[in-house]
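Let me begin by presenting the structure, written as structure tokens, before commenting on it.
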Amino acid sequence: MPPFVIFLIGSLVVAFTRGYVRRVVLLAVPVLGALNLLNVQEGTVIQVEVLGYTLLPFVVTPLGMLFGWLFHLAAFLANLYALHLDEGDHPGVQHTSAMLYAGAALGAVFSGDLISLFVFWELLAFTSVFLIWARGTESSLRSGFRYLVIHVLSGVLLLSGALMRAHSTGSIEFGHIGLDGSIAAWIILIAFGIKAGFPFLHNWLTDAYPQGTPTGTVFLSAFTTKVAVFALVKSFAGEEILIYVGVVMTCFPIFYAVIENDLRRVLSYSMINQIGFMVTGVGIGTALALNGAVAHAFADVIFKGLLFMSMGSVLQMTGRINGSDLGGLYKTMPITATFCIVGAMAISAFPLFSAFVTKSMIMAAALEEGYVWIWPFLLFASAGVLEHAGIKIPFFAFFGHDSGIRAKEPPKNMLAAMFIAAILCIGIGSFPGFLYAILPFAVEYNPYDATHVLTQMQLLFFGALSVLWLMKAGIYPPELKSVNLDAEWSYRWLAPRLIRSIGGAMARVDLSIRGIVIGVLQGALAGIVRSHDTKGIMARTWTTGGMIFWVVVLLGTYLVFYL
């Protein structure tokens, strides 16, 4: 059956159970879903007629299958990580919404038409927002509402583009769309871009993810943006504009991540950076580039999930997440620190770790297709990843200055989830053939050639050396309790003030004009009153001779103008 059905049923069971039964269900649903996926045949289609439209809520493609396996794995790891939750007066809220959230992601990647995709697209937003609100703070409540607004907007744009496309082409197929010059295609691309975190559309991610619960952010990091990457691969592969968008995404988050104090926000910027590599691969559009984009999405879910798990563990055990408040935790949390270092090495693309065998496919494809000028930017972005995710996260959380905090290791289920993720990071990097075998195109690429290994080791060595020199020289930005301005400043701070100032100026102009007009009218009315009151000229008694005189004057004037 369609995988999202299993997760829908599982969410209902989770909502009405507690304790041991709930924990069993949380782990069993992804496993049962994966067993179900084993029996799904590629090419399977479920078709439904609704209001004259032929909907395809379940279509099995190789690309969909890969993301299907990925999301089952992510759901299992995240459920295992959150297995200890005691939700007090709101039993099952996080678990239920997380289960529905994973099901919506699976529904999206198996959708065969844009209307079905829209349904799951919006369900992604409405289920995941509870993972932000569940933290129960004023800032998480506000952030959740902003998150919901931007994602509902994305859904509205998707539906609008789908209906416009149906009107112009008669098709609502969720397949390759491309930028064919139609407004519908651009609207759909923007809808996908919002969820993918395109520049200037990315702030929902850095705003909401750090506000999620320690376990909820692990779910958030796995599904929404990867569904967007899937949609871009399926609908806009080979569109050159995505290369430029992707390159910008890889570079600009580095500068924010360097100065950011909240370590989960650092990882959020890092996520945009990694998605930028995927978007660049989608824009290049060759088999190697698309394989790289998809493979990197697969690896990113695991190593970014591991990093969010380690930071979630720190937050849960210490109640703090700012780099300025942490440090020295390796003394009492050595296992968590080790897992964090594994995730840091994986995202930094150390040989034998996952990103080494995935990110390089995208960079190699850029050179093969003649995009030589973007390669230095991708290289710079790779070095930036080493700095903010590979070094900054573990250093300021577990080493650095000793904060005096002596927290214990997190619960065993959290450690187990991190252990599995760490093993996968090493396994994918050491034995890439297993991942390459399920990619949508045949892979003819060897990541472990001498040139690639030496180049990457030089990059890592000199990148680490530069960070060390900056720290020793006192140039490296310190961890400060501050708020960094991003693009959202333009619409959360600047735009309201501009509107208020423009509105105030218009109100003053309106008041002045009203004063002038009212003054003129009052003067005219006063003149009329003066001429018509008991002493006014119009109230006097006129003699017959005077009247005849004025009649003669008027007739004479008329004759002059007439002749």
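Read-outs throughout are calculated quantities, based only on the coordinates presented, and are distinct from any laboratory measurement. Model, not experiment: these values are computed from the prediction. All Cβ positions, glycine included, derive from the backbone under ideal geometry; neighbour counts span all protein chains shown.
Across the stretch 263-273, in residue order, what do the Karplus-derived ³J(HN,Hα) couplings come to in whole Hz, using 6.51 cos²θ - 1.76 cosθ + 1.60 with θ = phi - 60° and x for Gly and Pro?
Coupling constants for the stretch 263-273: 5, 6, 6, 4, 5, 5, 5, 4, 4, 4, 4 Hz.
So, by mean Cβ neighbours within 10 angstrom, what's the order for 71-82, 387-398, 197-208 with the highest one leading?
Result, highest mean first: 71-82, 387-398, 197-208.
Over 26 Å between C-alpha atoms is what I'm after, so list which of K359/K472; K234/K304; K359/K412; K359/K392; K195/K234 land there.
K359/K472; K359/K412
Tell me the label-point distance for the pair F461, S182, using the 7 Å Cα-to-Cβ offset, in nm and rounded to one decimal.
5.4
Cα centroids of the stretch 270-333 and the stretch 492-531: how far apart, whole angstrom?
Going from one Cα centre to the other spans 56 Å.
Post the alpha-carbon centroid distance, the stretch 203-241 to the stretch 121-174, in whole angstrom.
Rounded to whole Å, the Cα centres lie 12 Å apart.
What distance in nm lies between label points placed 7 Å from Cα along the C-beta direction at Q41 and A442?
The modelled label-to-label distance comes out at 2.5 nm.
Calculate, for E368 and I423, the FRET efficiency according to 1/(1 + (r/R0)^6) with r their C-beta to C-beta distance and R0 25 Å; round to the nearest 0.05.
0.20
Is the stretch 488-532 best put as rounded, prolate or oblate by its Cα gyration tensor, with a ≥ b ≥ c the root eigenvalues, rounded for a/c under 1.5, and otherwise prolate when a/b is larger than b/c, oblate when not?
Here the stretch 488-532 falls in the prolate category.
What spacing in nm lies between the two simple spin-label points modelled at Q522 and R500, each 7 Å away from Cα in the Cβ direction?
Using points 7 Å along Cα→Cβ, the separation is 3.2 nm.
Would you mind getting me the FRET efficiency between F434 and V483? Use the beta-carbon distance for r and R0 = 60 Å, nearest 0.05.
The pair F434/V483 has a calculated efficiency of 0.85.
Would you work out if the stretch 72-156 is rounded, prolate or oblate? Take a ≥ b ≥ c from the square roots of the eigenvalues of the alpha-carbon gyration tensor; rounded if a/c is under 1.5, else prolate when a/b is larger than b/c, oblate otherwise.
Oblate shape, in that a/c is at least 1.5 and b/c is the bigger or equal ratio.
Would you kindly state how much longer the chain becomes between V21 and I475 on full extension, computed as 0.36 nm times their sequence separation minus their alpha carbon distance, in nm to one decimal?
That works out to 158.0 nm of additional length.
On a full-extension model of 0.36 nm per residue, what is the gain between V453 and I513, subtracting their alpha-carbon distance, rounded to one decimal in nm?
In short, 14.2 nm is gained.
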